[in-house]
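See below for the structure under consideration.
Bear in mind that the values in this text are calculations on the coordinates, not laboratory data. Bear in mind the structure is a predicted one, so any value in this text is a computation, not a measurement. Every residue, glycine as well, gets a Cβ built from its backbone with ideal geometry; the counts of neighbours run over all protein chains shown.
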Amino acid sequence: MESYLKWSVIIGLFGFCYSIDTQYMNEACNGSSVIDTTLLLETSKSLSYPPLMNCFHRVNVASGFKVHVSVERFELEEKMANACVDYLILYDGADQNAPILNSEVTCGKTAPENVTSSSNILTFYFKSDHSSALRGFAFVVTPVTDVPCSSSQLQCNNSLCIDASLKCDSYNQCGDKTDENDCQVIGSSKIDDSNTTLIIGLVIGITILIAIIIAIVINVYKNNKWKRFLNQHLEDPDVWNASPSYPVTQKYFTSGRGNYNTLSNENYNEVTLQPHSEESIHNSEI
Ligand SMILES: [Ca+2]
């Protein structure tokens, strides 16, 4: 039974709860993140980013890896007087002294190109003015290497290598969506085609679990039906004075069939009652 419950939890997780680690830049202003497999970096948790943000956020990946940034969402305030008022800068290093990765200061709704750092450190900088009512950005930030990939990595068509576990997780870590091709959609998430057998097994397991529950419910109902009958007819002599060859049996009342003679004499004596009817009592008194 426990294994069925585990599979039910797994199904639930697949359908409703899947997400990657997320960092909100306003909550970690001038902070940093160390990334093992992937991270979603957003301006804020709210529907629009706060005014007067002035934040750096540095990301580090393991030595020998580079930091790849692909765009999930980009929606900043448009230019005013031909100048960005809210804007993003990506630095190819640990601070603002490093070279700028995106070709120019970025604002409006034109997302920057996906970029890859030259080392294992990249720094985001975001600034907003006193007014803002837009959703901001969301970037998928991922450690990558160049080809050839290791056995634990997935090779993207753009010759980058990412962790193999990132295939079909609904996020574009490759940048060219190689890792989100050949996936099946289940609920709000995607799974690899190779997991079809697992899904079939889960469906069969859930079906068996439901059948077991139905069988238990029916059994409990039948037992209670027999107990109710005994309670209702305990004082009814017409029932208990039936012919000894046709005893009232539990089997008869649970199956609904007309075959009364289903108990041995031994069992019959245990389950049948023989109270005297009023007529027999009257005759004995005479
Ligand atoms: Ca992915």
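Structure notes:
- The share of Cα pairs per 5 Å bin across the range 20-150, counted from zero up to the longest distance, runs 2, 11, 22, 25, 20, 11, 5, 2, 1, 0 percent.
- Flagged links, alpha-carbon separation over 25 Å, of LYS45/LYS109; LYS45/LYS66; LYS127/LYS177; LYS66/LYS177; LYS66/LYS167: LYS45/LYS66; LYS127/LYS177
- Computed on the Cα atoms alone, the convex hull of the range 77-186 gives a volume of 132 cubic angstrom per residue.
- Note, ³J(HN,Hα) from phi for the range 117-134, Karplus 6.51, -1.76, 1.60, rounded to Hz, x at Gly and Pro: 6, 8, 10, 8, 9, 9, 10, 8, 9, 10, 10, 10, 8, 6, 10, 6, 8, 10
- Modelled spin labels at SER131 and ALA164, positioned 7 Å past Cα toward Cβ, are 5.4 nm from each other.
- For THR43, residues with placed amide H under 5 Å, excluding near neighbours: MET25, PHE137
- Rounded, prolate or oblate (a/c below 1.5 giving rounded, otherwise prolate when a/b exceeds b/c) for the range 16-60 by Cα gyration tensor: oblate
- Among 119-125, 91-97, the peptide with the highest mean count of other Cβ atoms within 10 Å heads the list, and the full ranking is 119-125, 91-97.
- Each label point was placed 7 Å from the Cα along the Cα-to-Cβ direction; for THR207 and SER151 their separation is 3.7 nm.
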